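**Q** Dumping the structure here so I can ask a few things about it.
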Amino acid sequence: MDVNNIWKLFLEKIKNDLSPMLYETWFMDTKLLKIDDHSALVMVPMHIHKKHLKENYYDFISNIFTEITGTNFDFEFITEEEHNNNIDINTDLLGVPKTENFASNLNIKYTFENFVVGDSNKFAKATALAVAEKPGLMYNPLFIYSSSGLGKTHLMHAIGNYIIKNSSKKVLYVTSEQFVNDFIDLYRKNKDQNNISNIEMFKKKYRDIDVLMIDDIQYLEIAAKTQQEFFNTFNELHTNNKQIIISSDRSPDDLKQLEDRLRTRFNWGLTVDILPPEFKLRLEIIDKKIAANGISDFFEKEAKEFIASNCTSDIRKIEGAITRVSAYAAMMNYSKISLDVADEALKDFFIKSIISQNKIDNVQQIIAQSYSISIEDLKSKKRNANIAVPRQIAMYICRIVLKESLTKIALEFGGKNHTTVMHAVDKISKEILINQELEKQIQKIVTKIN
Ligand code: ADP
Ligand code: MG
């Protein structure tokens, strides 16, 4: 049976299990592109399908597909656009004399092109690109660290994809867990069979390469035996000028459980960190992601600001918020994603604590305290900058972070006109893009409110 017929059967089957709305939204326009031994590649119309199917329908799809084919498949989803680009990439690669089927474990969706750069990550990006251009020669090892969701894995894959596209070098990306598992596997098998060929296979995998990337090295802390093996692997590669790239949630010096000799080696090359994204970068990332999903026109400015001001320290969370809002708007048939729609969709997504019954009250108290002015002044019509600016900041926070209505804010600030509030919000949202000090101040206040 050819792939089209298999997929037709599949779609007929799932149609019975889903409401027409869900079926039409998520499955109707999908297509099975190919199946190999144990993997199936499915083309979907938009990015949002890809993410949604992967995160919410994976088991469902897999089970039904297995019922039809009698075999378990790993599913990959690809958008039409990516599929077309992919063909280009493949033809590029045809010219390169390549190792046969070498499994790099790279994800083509992470590239330098779609890594958005701002003050907090530009150094990491630049060094990553430098290493990608000259593996083994620039900074060896390259050690990238940051808290979760700030782009370490993205950058590593971007380096790998770049190298593979532009050279015939062998790249291997693994998580440290995988390295540990491979090693434990080897150890076990060896005990049973005393089999030299397993060791050879392990060495071939990890040493017969040009670039080794180990993601989340902190998990190596709990595996003492594997640390020794990693030490040997590291030395072998490093001596031969093979590039090593490591990521971690901490700096090398803070990997306290790691052997000293490993920590020392991590400091041989270059260590870079990625900081939490500044407001401007968060907005740019949102812009880029919604453009990639083809939904820029639907998103109103305030909705974007709402997401940017509520997801301050994790880009993964920004992506989650966008997906959720888009899916929600699609499901509810909204033609625009306004601040209200975003708030509705993300109600449970952002953990908001309700400290005070009247949130505006609370903001006013905190602002008054922070800027050493009285609440009376804050509500007054006084125009001195030392009062007017905190007032505008307070209005901005009430509107964008707390999502109070313009009218209500106007009322709570001494019965002003709602256009005054609009003007204040607009002014601060422009200012915040160019004034990092202001951004920090606002961040601090928002933290206090929460
Ligand atoms: P980490 O490995 O540091 O936990 P990831 O690399 O997995 O973080 O990033 C989390 C998500 O955020 C990924 O989907 C990634 O593509 C995205 N991301 C992170 N940084 C950026 C950036 N600068 N531009 C665009 N997307 C980013
Ligand atoms: Mg990661």
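The values are calculated or read from the model by the stated rules, or taken from the named source; none is laboratory data. None of these values were measured; they are calculated from a predicted model. FYI the Cβ positions are ideal-geometry reconstructions off the backbone, even for glycines, and counts take in every protein chain you see. With ligands, DNA and RNA removed, areas are computed over all heavy atoms of the protein, side chains included. Shrake-Rupley method; radii C 1.70, N 1.55, O 1.52, S 1.80 Å.
**Q** What FRET efficiency do you get for ASP37 and ASN450 if R0 is 41 Å and r is their Cβ-Cβ distance, rounded to the nearest 0.05?
**A** Details: r = 50 Å, r/R0 = 1.21.
Plugging the Cβ-Cβ distance into 1/(1 + (r/R0)^6) gives 0.25.
**Q** Quick one: if you stick a label point 7 Å off each Cα along the C-beta vector at GLU259 and GLU177, how many nm between them?
**A** 2.4
**Q** I'm a student and want to see the number: the projected area of the Cα convex hull of the chain, averaged over all directions, in nm².
**A** For the chain, averaging the hull's shadow over all directions gives 26.4 nm².
**Q** Report the antiparallel proportion of the DSSP beta bridges in the chain as a percent, rounded to a multiple of 5. Write down the numbers at each step before the final one.
**A** On the way: 4 of 28 bridges.
Approximately 15 percent, going by the DSSP bridge assignments.
**Q** Same structure again: Indicate, rounded to the nearest 5 percent, the antiparallel portion of the DSSP beta bridges found entirely in segment 3-89.
**A** Details: 4 of 10 bridges.
Around 40 percent antiparallel, to the nearest 5.
**Q** Using only the Cα atoms of segment 359-449, build the gyration tensor, take square roots of its eigenvalues as a ≥ b ≥ c, and label the shape rounded, prolate or oblate: rounded if a/c is under 1.5, else prolate if a/b is larger than b/c, else oblate.
**A** Numbers: a/c = 1.30, a/b = 1.18, b/c = 1.10.
The shape class here is rounded.
**Q** Still on this structure, I have one more. So for segment 122-273: antiparallel DSSP bridges make up what percent, rounded to the nearest 5? Don't skip to the end; give the middle numbers.
**A** On the way: 0 of 17 bridges.
Given both bridge residues lie in segment 122-273, the antiparallel proportion sits at roughly 0 percent.
**Q** Give, to the nearest whole percent, the P(r) tail of segment 224-383 beyond 29 angstrom, counting all Cα pairs. Show your work: numbers first, answer last.
**A** Details: 6477 of 12720 pairs.
That tail contains 51 percent of the Cα-Cα pairs.
**Q** I would also like to ask the following. Can you give the relative contact order of the chain as a percent, counting alpha carbon pairs under 8 Å and 6+ residues apart? Please list the in-between numbers first.
**A** Details: 593 pairs, mean separation 55.3, N = 450.
RCO, the chain: 12 percent.
**Q** Now a separate question. Cross-link list LYS51/LYS448; LYS50/LYS403; LYS189/LYS225: which exceed 23 angstrom alpha carbon to alpha carbon?
**A** Values: LYS51/LYS448 34 Å; LYS50/LYS403 31 Å; LYS189/LYS225 16 Å.
Check vs 23 Å cut-off fails for LYS51/LYS448; LYS50/LYS403.
**Q** Okay, moving on. Can you tell me, using C-alpha contacts under 8 Å and at least 6 residues apart, the relative contact order of segment 313-439 as a whole percent? Walk me through the intermediate numbers first.
**A** Values: 92 pairs, mean separation 21.3, N = 127.
After rounding, I find 17 percent.
**Q** Express the accessible area of the chain per residue in Å², computed with a 1.4 Å probe while the remaining protein chains stay in the model.
**A** Working: 22920 Å² over 450 residues.
Per residue, the chain has 51 Å² of solvent-accessible surface.
**Q** Pick out, in residue order, every one of the trypsin sites (Lys or Arg not before Pro) in segment 353-450 that is DSSP loop and has at most 14 other C-beta atoms within 10 Å; say none if there are none.
**A** Numbers: sites: LYS359, LYS379, LYS381, LYS382, ARG383, ARG391, ARG399, LYS403, LYS408, LYS416, LYS427, LYS430, LYS440, LYS444, LYS448; in loops: LYS381, LYS382, ARG383, LYS403, LYS416.
Here the sparse-neighbourhood loop sites are LYS381, LYS382, ARG383.
**Q** What part of the accessible area of the chain, given as a whole %, is carbon or sulfur when the probe is 1.4 angstrom?
**A** Values: 11370 of 22920 Å².
Roughly 50 percent, rounded to a whole number.
**Q** Using the alpha-carbon centroid of each, what span in Å lies between segment 383-402 and segment 181-257?
**A** Each part reduced to its Cα centre gives a spacing of 54 Å.
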